[in-house]
Amino acid sequence: MTEFTPIASLLGGAMIGLSAVLLMLWEGRIAGISGIAGGLLPPYRDNAFPSRFGFVIGLMAAPLLLMYFTGAEITQTVSSNVPLMIAAGLLVGFGSIYGNGCTSGHGVCGLSRLSGRSMVATATFMAAAFVTVFLVRHVI
Amino acid sequence: MSFLVNLLLGLLFGIGLVVSGMSDPAKVLNFLDLFGSWDPSLALVIGSAVLITFLGYRLVLKRDAPIVGGTFHLPARKDIDARVLTGPAIFGVGWGLGGFCPGPALTALGLGATGTLAFLPAMIVGMWIAHLLARANPRPRTI
């Protein structure tokens, strides 16, 4: 059970949106995390490696800096079923690059550009995830 | 310079994920569990992010060019091909199993949970396989 947190959700979502807007303003790129992280892997198609590397370091540092400076405790419940998490990681990594985007690239930036491809992609991964959770929690 | 700007923007994005609770797979899985302990938070996170990005992009894309780099790198494709269905379908199954998509998984590294340490290397391997496949079969860049 997790609590519905409307204010924190709207605030955090606005920060995510602001980051995406500023990345477009700064260097004209989509803030899609799978594209940014996947672009760190060779072979390289452009010279944006330092930008992508910086963005990923920032993402990783976020909870640590938040804890250090605010003393906030970050609650997180991650499954410790290692084979399940390996399978999940393979599917998420493969599917997000193969489909040209994930929750951020298609879900946030693509929907904001009113991209038809991103609308189809977002509806597809949402549907697949709803069905998966339904099967795991209520059927199996 | 771009490294530093991106580091700050990654930090802002990551703090947004943590503040909104989206770095916690339990919250994501409860959003995806319509017929169980449903937590609608994720819908508000995406809605809020889309609203800000929609408005912000309209302002930014009125410019001739971004501050650095000369041109906006926007995905040009408009057609619905098989990959824009199969990729997200595969991604969605993994997201439903683990509760992590790429952004939250990266923010979770420093918290060091066992599941995260299993998920992240596998995610990178999965990305690399798809990346090499795309390289063998060239298409416009991933967004």
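Nothing in this text is a laboratory measurement; each read-out follows from the coordinates by a stated rule. If you're wondering where the values come from, they're calculated on a predicted model, not measured in any experiment. Neighbour counts run over all protein chains shown; Cβ positions are idealised from the backbone, glycine included.
General observations
- Shape category assigned to the protein assembly as shown from the gyration tensor of Cα positions, a/c cut at 1.5: rounded
- Euclidean distance of C-alpha centroids, the range B:24-72 and the range A:63-120, integer Å: 12
- Sequence-distant contacts, meaning Cα pairs under 8 Å at least 6 residues apart, place the relative contact order of the range A:6-138 at 27 percent.
- Backbone geometry of the range B:57-69 corresponds, through the Karplus equation with coefficients 6.51, -1.76 and 1.60 at θ = phi - 60°, to 3J(HN,Hα) couplings of 4, 4, 6, 5, 6, 6, 5, 6, 7, x, 5, 10, x Hz, x marking Gly and Pro.
- 3J(HN,Hα) along the range A:79-89: 4, 9, 7, 4, x, 4, 6, 5, 4, 4, x Hz, from the Karplus curve 6.51 cos²θ - 1.76 cosθ + 1.60 with θ = phi - 60°, whole Hz, x for Gly and Pro.
- 10 Å Cβ neighbours from other chains, averaged over peptide A:65-72: 2
- A Gaussian network model of chain B, with springs between Cα atoms under 10 Å, assigns the largest mean-square fluctuation among B:Pro75, B:Pro104, B:Pro88 to B:Pro75.
- Model label sites at B:Arg77 and A:Val139, defined 7 Å from Cα along the beta-carbon direction, differ in position by 2.9 nm.
- Across the range B:84-95, computed HN-Hα scalar couplings (Karplus, 6.51 cos²θ - 1.76 cosθ + 1.60, θ = phi - 60°) run 7, 9, 5, x, x, 5, 5, 4, x, 5, x, 5 Hz from first to last residue, x flagging Gly and Pro.
- Computed helical MRE - 222 nm, chain A, DSSP H runs ≥ 4 contributing -39500 (n - 2.57), nearest 500: -20500 deg cm²/dmol
- For the range B:2-136, averaging the sequence separation of C-alpha pairs within contact (under 8 Å, six or more residues apart) and dividing by the residue count gives a relative contact order of 27 percent.
- About the Cα centre, charge dipole magnitude for the range B:2-136 (Lys/Arg +1, Asp/Glu -1 at Cβ), debye: 420
- Gain on full stretching of the segment that runs from A:Thr70 to A:Glu3 - 0.36 nm per residue minus C-alpha separation: 22.0 nm
- Sites matching chymotrypsin sites (Phe, Trp or Tyr not before Pro) across the range B:8-112 that sit in DSSP coil, with at most 16 neighbouring C-beta atoms within 10 Å: B:Phe35, B:Trp38
- With an a/c value under 1.5 for the gyration tensor axes a ≥ b ≥ c computed over the alpha-carbon atoms, chain A is described as rounded.
- The peptide list A:65-75, A:107-117, put in order of mean Cβ contacts within 10 Å with the highest first, becomes A:107-117, A:65-75.
- With at most 13 other Cβ atoms within 10 Å, longest stretch of chain B clear of loop trypsin sites (Lys or Arg not before Pro) (DSSP): B:79-143
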